[in-house]
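Notes follow once the structure below has been shown.
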Amino acid sequence: MFEKILIANRGEIACRVIKTARKMGIKTVAVYSEADKDARHVELADEAVLLGPAPSRESYLVADKIIAAAKQTGAQAIHPGYGFLSENEEFARRVEEEGMAFIGPKHGSIAAMGDKIASKKLANAARVNTIPGHNEPILSPEEAVKIAQGIGYPVMIKASAGGGGKGLRVAFNDKECFEGFSSCRNEARNSFGDDRVFMEKFVEEPRHIEIQVLGDAQGHVVYLWERECSIQRRHQKVIEEAPSPFISDATRKAMGEQAVALAKAVNYQSAGTVEFVVGKDQSFYFLEMNTRLQVEHPVTECITGLDLVEQMIRVAAGEPLSLKQEDIRREGWAIECRINAEDPFRNFLPSTGRLVKYQPPQANLEQGTLTLQGEAYTDASFGGVRVDTGVYEGGEIPMFYDSMIAKLIVHGRDRADAIVKMREALNGFVIRGISSNIPFQSALLAHADFKSGNFNTGFIAQHYGAGFQAEDVPHEDPDFLLALAGFVRRKARERESRISGQLPGHEVRIDHDYVAVVNEGAGRASRTPIHIAEFSGHMGEATVLVGGKSYQIVCQSRLNDIRLSGTVNGTPFTAQAERGTNKNPLAYRIQHNGRAIVANVLSPRASALLALMPYKAPPDTSKQLLSPMPGLLVQIAVQPGQTVQAGERLAVIEAMKMENILIAERDVKVAEVLAKTGESLSVDQAILRFE
C-alpha cells in the first residue's frame with residue numbers, strides 16, 4: 001500500500017480524498033494556487049505545494065507542476081479528484097511513466113472513453129444501447145445545421161471533451177443550432193483545450209440515470225447500482241439520489257450489465273460511471289462514461305456502505321476487488337443536494353466573497369456508515385447526515401473556480417424519510433456573506449412532482465422556466481414564521497428585563513401584544529397582530545397566537561444563535577433567526593423550509609407610527625446595463641450610438657468557469673460604454689448607459 005499520495009485537485013473533493021487517506025494511514029500532499037493558500041484542503045493535508053497563480057490554466061491544469069510536486073515530496077501516487085486533469089489521458093500517462101500510480105483508470109481507458117465520439121463507437125461494439133446521432137467532429141455551424149436537419153430536431157450539441165454541463169447545448173431549430181454550435185465550441189476550447197463537437201438526437205422527457213462501476217487490474221468489474229440525476233438546471237445536476245424512483249429491477253439489472261460490459265471492453269480499472277438517458281418507457285441509451293469519481297458518489301456510498309475512494313486507492317495499488325456482484329448491498333435511500341454559491345432569486349448568478357457565517361448541520365455519516373459515539377452500527381434507523389465541503393467560516397469563495405460550497409447528503413429508511421431528513425438538514429444549514437441555492441433546493445424537495453417521483457431532466461425548466469421567485473418557495477404554515485419572529489422578540493425582551501442596573505420605575509416592560517410588519521415592496525407592508533398568551537417563566541417556552549392559531553414553542557437556543565432547534569406544538573423543528581439586515585438593523589429575519597421573511601416586531605403604537613413614514617423609491621437604473629455578478633468582462637458587443645434589438649447580445653462576463661451572456665431585454669440605443677474589456681466587475685457595476 002502507498003505511504004504518501006498527492007491530490008491533484010482542490011476544494012471539497014481534495015478534502016474528501018484526504019479523509020479516506022488518513023483513515024487508511026496514508027500521508028497526503030495538497031497542491032494549491034495563490035487564491036487557495038488559506039484553503040481547507042491545504043490545512044488538512046500533511047504537506048502542501050504551491051502551483052502558481054489563481055487561474056486554473058496556470059496552476060491546477062499544469063501537469064508539469066503537479067508531477068514535479070509529487071516527485072519533490074516523494075508521493076507514490078496521484079489522485080486527480082474530478083474536473084481539472086482527472087480525465088486527461090496525457091496526464092495519466094505521464095504519471096505512469098514517472099513511476100507513480102495514477103489513482104484512476106489507465107490512460108488507455110481514459111482515451112477510449114474520454115472522447116465521446118470514440119466511446120459511442122466502442123459502446124456499439126460492446127452491444128450497449130446508443131442514441132442515433134453524428135459521431136464525427138462537426139467543422140462549422142453550417143454543417144451542424146445540415147446534420148441536425150437530417151437527424152431531426154431537437155438535437156444535443158456536445159463537446160467531445162466536455163463535462164459538467166460545459167460545452168453542451170440543446171437546439172430546437174436551425175437558428176439555435178447555428179448559434180449553439182459556436183457557443184459550444186468556444187466553451188469547449190476555453191475549458192478543455194479541445195473544440196471538437198458532435199451531435200446526437202435529444203430524447204424528449206428523458207431521465208438521466210447513471211451506473212457506478214468498479215473494476216480492478218485482474219479483470220473483475222462490478223456495478224454498484226444506479227443514481228438518479230434527472231434534476232438538472234442547464235444540464236448541471238442539482239439533486240442526485242440512489243436508487244432511482246423510476247426504473248424497475250429488470251431495467252436496473254440490464255443497465256448494470258451493459259455498464260459492466262462497456263467497462264470490460266476498455267479494461268477499466270478504478271471507479272467510473274456509465275451515464276444513460278432513459279425514456280418514459282424505460283428504454284435506455286448510452287450517453288458517456290466518466291472515467292473518474294463523480295461529484296454525486298456519496299449517495300452510492302450510503303446505500304452500499306462502501307468507501308469508493310478507498311476502493312480506488314486499493315485498486316491503484318494492485319489489490320483485487322474484495323466484492324463480487326452478489327455481495328453488493330442496497331440499503332435505504334440517499335439524497336445529495338449540491339450547495340452552490342449562487343443567487344437563485346437573481347437567475348442563479350454566481351455569488352463570490354467571504355463566508356461571514358458557515359455552520360453546516362451536524363454530521364454523523366461518513367462514507368455510507370452511520371456512526372454513534374465513534375462506533376459503527378447498521379440498524380434500521382438511517383439517521384445519517386453527511387457534509388462534504390472544502391470551505392470554512394471566514395474563508396473566501398473565489399471567482400476562479402466552480403461555485404460549489406458543499407455537498408449535503410442524507411440517508412433515510414426510504415425515499416420519503418430521506419426527503420424529510422434533507423429538508424430538515426437544509427433548514428439548519430447557515431450560510432451568510434454570500435448567497436446560496438438552499439431556498440431553491442428546499443422548493444424542489446417540497447414540490448409535489450418531486451415527492452411523487454414524477455419528473456425528468458426538464459423538471460426545472462418546466463416548473464421554473466420564468467425564473468425563481470420568493471413566491472415559488474411554498475410554506476405549509478406561513479403564520480409559523482410570524483409566530484417564531486414574535487417568540488424571538490419576546491425572548492429578547494425577557495433577557496433585557498433581567499439586565500441589572502435599570503433605574504427604578506424605568507425597567508424594561510414586557511408586553512404581550514406585538515405587530516409583525518413585513519415589507520412587501522413598493523412601500524406596501526403587511527401588519528399581523530401577535531399575542532403572547534402564556535409565558536412559563538422560562539425564556540425558552542411560550543405560547544404565541546397568530547391569526548387565530550396557537551403555537552406552543554419550546555426552544556432553548558441562545559439569542560445569538562442563528563440556528564434554532566425546538567418544538568412547536570410538540571413537533572420538532574429547525575429554523576433560522578437573526579436580528580438585523582443590511583437595510584433594516586432592527587428587523588428579524590426568519591427562515592424555515594426555504595421561505596424567509598424580514599419582519600419588524602413592534603408594539604401596536606410603534607407599528608402605527610411606522611405606517612406614517614414616507615416611502616423612498618429606489619433609484620431608477622432602467623437606462624443602464626448593470627453587472628449581475630462579480631466576474632471578468634470578456635466582451636462588449638455594442639458601441640455608442642448603436643441601436644440594439646431585444647434579444648441581441650450586449651456583453652459577456654466570465655465567472656466561475658462559465659460564460660454568461662447579457663442580452664437586451666428590449667429595443668434600446670447605446671449612449672455610453674462605462675466599462676472596459678478585461679475589467680473585473682463587481683455586482684451592480686454599470687457597464688452600459690442607454691438613451
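Observations, loosely collected:
- Lys/Arg +1, Asp/Glu -1 at C-beta; the chain dipole; positive extreme among MET199, LEU609, GLY465: LEU609
- In region 62-159, the trypsin sites (Lys or Arg not before Pro) that fall in loop regions by DSSP, at most 15 other Cβ within 10 Å: ARG127
- Taking Cα centre as origin and charging only the Cβ of basic (Lys, Arg, +1) and acidic (Asp, Glu, -1) residues, the dipole magnitude of region 207-461 rounds to 660 debye.
- The stretch between ARG127 and LEU50 holds 23.1 nm of extra length on full extension. This uses 0.36 nm per residue minus the Cα-Cα distance.
- Seen against the Cα atoms of the chain and their longest principal axis, helix 63-73 is set at about 80 degrees.
- Restricting the GluC sites (Glu not before Pro) of region 286-359 to loop positions (DSSP other than H, G, I, E, B) with no more than 15 neighbouring Cβ atoms within 10 Å leaves GLU331.
- Between the exposed loop cleavage positions of the chain, defined as chymotrypsin sites (Phe, Trp or Tyr not before Pro) in a non-H, G, I, E, B DSSP state with at most 15 neighbouring beta-carbon atoms within 10 angstrom, the longest gap is 393-614.
- Dipole orientation for the chain: of the candidates SER622, MET113, ILE66, SER622 has the Cα lying most toward the positive pole (charges on Cβ; Lys, Arg +1; Asp, Glu -1).
- Label-point separation, ARG330 to SER140 (7 Å along Cα→Cβ), nm: 5.0 nm
- One decimal place: the segment ASP684-ALA525 gains 54.6 nm when fully extended, by the rule 0.36 nm per residue minus the C-alpha distance.
- Angle in degrees between helix 141-151 and the longest Cα principal axis of the chain, rounded to the nearest 10: 80 degrees
- Given +1 at the Cβ of Lys and Arg, -1 at the Cβ of Asp and Glu and no other charges, the dipole of the chain around its Cα centre is 1060 debye to the nearest 20.
- Where labels lie 7 Å past Cα in the beta-carbon direction, separation of ASN364 and SER497 in nm: 3.7 nm
- Cα-projected label distance for PHE172 with ARG605, points at 7 Å along beta-carbon direction, nm: 6.0 nm
- Residue pairs exceeding 20 angstrom between C-alpha atoms, taken from LYS253/LYS421; LYS120/LYS264; LYS19/LYS407: LYS253/LYS421.
- Dipole check for region 4-103: with +1 at the C-beta of Lys and Arg, -1 at the C-beta of Asp and Glu, and the Cα centre as origin, the magnitude is about 400 Debye.
- Alpha carbon Rg of region 624-690, scaled by the compact-globule rule 2.2 N^0.38 Å: 1.00
- Aspartates and glutamates with Cα under 12 Å of LYS121, excluding same-chain neighbours fewer than 8 positions away: GLU136, GLU288
- Rounded FRET efficiency, nearest 0.05, which uses the C-beta distance separating THR571 from ARG346 and R0 of 35 Å: 0.55
- Segment THR581-ASN190, length gained on full extension (0.36 nm per residue, minus Cα span): 136.8 nm
- Between ILE562, TYR401, ALA448, the Cα set farthest toward the positive side of the dipole of the chain (charges on each charged residue's Cβ, about the Cα centre) is that of ILE562.
- On Cα atoms only, tilt of 478-497 relative to the major axis of the chain in degrees: 60 degrees
- Using the Cβ-Cβ distance between GLU691 and SER322 with R0 = 56 Å, the FRET efficiency computed as 1/(1 + (r/R0)^6) comes to roughly 0.20.
- For the chain, alpha-carbon Rg over 2.2 N^0.38 Å: 1.03
Bear in mind that the values in this text are calculations on the coordinates, not laboratory data. What you are looking at is a predicted structure, and each value in this text was computed from that prediction instead of being measured. With ideal geometry, Cβ positions are generated from the backbone for all residues, glycine too; neighbour counts draw on all protein chains shown.
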